[in-house]
Amino acid sequence: MATEQNIDRSQFLIPNEVPIVPLECKKAFQELTSEEKKYAHYLARASWSGGLICLFQTSPESPVIYLLLQKLFKTEPVGALKEKAVKAGLTENEFQAFLTYAAAFFSNLGNYKSFGDTKFIPDLPKDKLLSLLKASAAYASDPSYLDELISRCGDAILTLSKKTQQLGLGDDGISTYFSGNCTMADAELAKRFMLEKKIDAYNTRLFKSKGADGKFEYEVRLASAQTGAADGDNNLKLGSYDFEGVKVNVTRGDYGPLMKMVSDNLLKAKEYGANEHEVKMLQLYASSFTTGLLQDHMDGSRSWIKDKGPIVEHYIGFIETYRDPFGMRGEWEGFVSIVNKQMSAKFGQLVENAERFLPLLPWPKDYEKDVFLKPDFTSLEVLSYASSGIPAGINIPNYDDIRQSEGFKNVSLGNVLSAHTKDQKITFLKEADKELYSNLKGPSFEVQVGLHELLGHGSGKLFIQDEKQNFNFDIENVKHAETGEKIKSWYLSSDTYDSKFPVIGSSYEECRAECVGLYLCLSRDILKIFGHEGSAAEDIFYINWLNMVRAGLLALEFYTPETRTWRQAHMQARYVILRVLLEAGKGLVTIERDTGEDGRPDATVLLDRQKIETGGKEAIEKFLRKLQVFKSTGDYDSARAMYDGYSAVNDDTAEQFLSLRQVVLSRKLPRRMFVQVNTTTDAEGEIVLQEYEATAAGIVQSFVERFPGTEYEQIVKELWEKDRKHFY
């Protein structure tokens, strides 16, 4: 077992050469009216006010590191701090390493990578870090405050003990969705309690502590601006319960002051809503964030779905469950964006033809929704994205009952997809593939994102028995599509997909959506919608499949052998797909070990393009059908056994994946970071856009100006003080 003394620290560093790209949206913003700009501005303020919640959802020390960095960079410009650091004995590279660390921290809203969930540390020794901090104007102006912050997070910034290397639960890692003494068994107990009481977990955290009688008890804490008991019967289920021999308290007020700032800004944005749907959804969101009642957020999402084709698109709340080790609690996410009408027209055509394409999917009609609810599907230019990371596409809301029976929206984030870095190196492909890959990765990924979001996440039926014991499928005549037998498992009214499929749920669903994209991108009619025909269409689906199998190899970076866990849902899914295609055999996919031009071990992924539409399609078809059948029937045990089998990383296969992982790690490239704009109000009350240079210093400056004054720092400090007893 690796100790902190002999681990490879380079795997936990952000190199100074990390690509940094601007999230460009100036042209789209300038085309907005004054009212639309104000609407977008207050939505952005709401999103970023809540964005600081991610600090409290990442690690115990993240809020304190945030306070330290903000104090440091608000007190003096980067250039002035650099001069003092060099005089204090740091080299320019060492100062840049610290600046890169700060930029990465702000970009991830914490000290763990949003994509991969591993910790990152500054690439300089502790004595140099302390020299820099104590040479700063911030230290000179308030040494006692800086000393306090350093004492509380200085060691945590640099430590790489086994438990702190990655996010996880119990001995497997760090998670602040749970108090530090919680285990998987505690998460299971909380799940059973919340299912019985019909409390959704999205906006909750779980804390375990000793009560006055010396026995352990639990607190299920809802995020809300309000604290204390609820006024009247508002279905919050607040109070104390005896459950399975232990006491469980349901409280509210988590992140209280930040939730209030979110709600206040949403109500300001409401004044500029373009229609009744926007006004109603913002009122309901604000109500949910004020009281903690998730039902209001669900109802706000219903209004959001009805807001078709808005110029300014927006969604906010506790959304994706990727970073909860148990897979039920949502990370804060708020985005504001502007519709790209030209690209949205292509997605609109895909939506219009969706009912024609859904029958192509490899499962019986009974396993598909009774009615396909045509969603809004738009390409967006992101103005603000407040969360630990920025995806390329989204299918929301994540509430099963709404998605199944009322509808959803798909968005493709155009300026994220188009943001490229110059001269980016391409690894693990043969030379003959690299140029085509470089030219077509963008347009092929655009197709994959469209199919993944609309017909991946948007397809498939869940078999449900409601509170009146009625089924939404013909239990007597619908047969299990794999065994041919009578259906024996399904969802009860109290179940959700996340509660039914804990731990693997996020990755399993991403795998299903990725497979849908691979399977349907072979349709020439679909490719024609995106402007690809003839041999050009064949190049597109070849690169799409090649990108997927290469990603499956790159995924090994996100596997932790010591705990046998995956740290990134999408990458686990892509590894699983690689394993499925390798299993198909007949030379469809092969991985060759070789030596690179630098003399170090290397590998090359080979995909036989002539076999994609035969053996490749057949393999994905069989696997995709199983994924859907197990999901539809709520058959977690079968799904887990199959998925865990393909997820295994060992040297028992011909590819020897565990040893191959070392090759991947030795050649890994840093993931790009984005610098985002800010919006501010000028002297006339109009909203103006502030852009920043695409550098680490630019990212730092954007965060300094995003949270002006000291109000936010005071709130973060108070919230950290309130929580610290649960983690230290």
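Please tell me if Leu665 is in a helix (DSSP H, G or I), loosely packed, with under 14 Cβ neighbours inside 10 Å and among the aliphatic types (A, V, I, L, M). Considered against the rule, which asks whether it is in a helix (DSSP H, G or I), loosely packed, with under 14 Cβ neighbours inside 10 Å and among the aliphatic types (A, V, I, L, M), Leu665 comes out as yes.
Can you confirm whether segment 97-104 contains a residue that is of a type in the set (S, T, N, Q), surrounded by fewer than 22 Cβ atoms within 10 Å (Cβ to Cβ), out of contact with any strand residue (DSSP E or B) (no Cβ under 8 Å at 6 or more places or on another chain) and within 30 Å of Lys668 (Cβ to Cβ)? No. Looking for something free of Cβ contacts under 8 Å to residues at least 40 places away in the same chain, in contact with a strand residue (DSSP E or B) (Cβ under 9 Å, 6 or more places away or on another chain) and either in a loop (DSSP other than H, G, I, E, B) or farther than 20 Å from Glu482 by Cα (or both) - is there at least one such residue anywhere in segment 563-573? Among the residues of segment 563-573, not one is free of Cβ contacts under 8 Å to residues at least 40 places away in the same chain, in contact with a strand residue (DSSP E or B) (Cβ under 9 Å, 6 or more places away or on another chain) and either in a loop (DSSP other than H, G, I, E, B) or farther than 20 Å from Glu482 by Cα (or both), which makes the answer no.
Return yes when Val503 is modelled with pLDDT under 95, of a type in the set (Val, Ile, Thr) and not in a loop (DSSP other than H, G, I, E, B) and no when it is not.
Criteria not met by Val503.
The test for being under 22 Å from Glu24 (Cβ atoms) and surrounded by fewer than 20 Cβ atoms within 10 Å (Cβ to Cβ) holds for Gln424.
Is it true that some residue in segment 695-718 is of a type outside the set (Gly, Ala, Ser), modelled with pLDDT under 95 and in contact with a Pro (Cβ under 9 Å, 6 or more places away or on another chain)? No, there is no match, as no residue in segment 695-718 is of a type outside the set (Gly, Ala, Ser), modelled with pLDDT under 95 and in contact with a Pro (Cβ under 9 Å, 6 or more places away or on another chain). Among residues of segment 6-34 that are touching a residue at least 12 places away in the same chain (Cβ under 8 Å) and closer than 26 Å to Gly116 by Cβ, those with a Cβ under 9 angstrom from a residue that is among the charged types (D, E, K, R) and surrounded by fewer than 12 Cβ atoms within 10 Å (Cβ to Cβ), sequence gap 6+ or separate chain, pair up as Pro19/Lys422. Among the residues in segment 284-306, are any part of a loop (DSSP other than H, G, I, E, B), acidic (Asp, Glu), at pLDDT 95 or above and over 30 Å from Glu621 (Cβ atoms)? No; the residues of segment 284-306 include none that is part of a loop (DSSP other than H, G, I, E, B), acidic (Asp, Glu), at pLDDT 95 or above and over 30 Å from Glu621 (Cβ atoms). On inspection, Ile612 qualifies as part of a helix (DSSP H, G or I), of a type in the set (Val, Ile, Thr) and either assigned by TED's automatic domain parsing to the domain that holds Ile577 or on the phi > 0 side of the Ramachandran plot (or both). Here the condition is being over 22 Å from the mean Cα position of the chain (by Cα) and in a helix (DSSP H, G or I); of Ala230, Ala225, Ala185, it holds for Ala185 alone. Screening Ile591, Ile620 for residues that are modelled with pLDDT of 95 or more and either under 30 Å from Val21 (Cα atoms) or outside any helix (DSSP H, G or I) (or both) leaves exactly one candidate, Ile591. Exactly one residue among Val449, Val478 is modelled with pLDDT of 95 or more and of a type outside the set (Phe, Trp, Tyr), and that residue is Val478.
The values are calculated or read from the model by the stated rules, or taken from the named source; none is laboratory data. Source: prediction; values computed, not measured. As a convention, Cβ positions derive from the backbone with ideal geometry for all residues, glycine included, and neighbour counts pool all protein chains shown.
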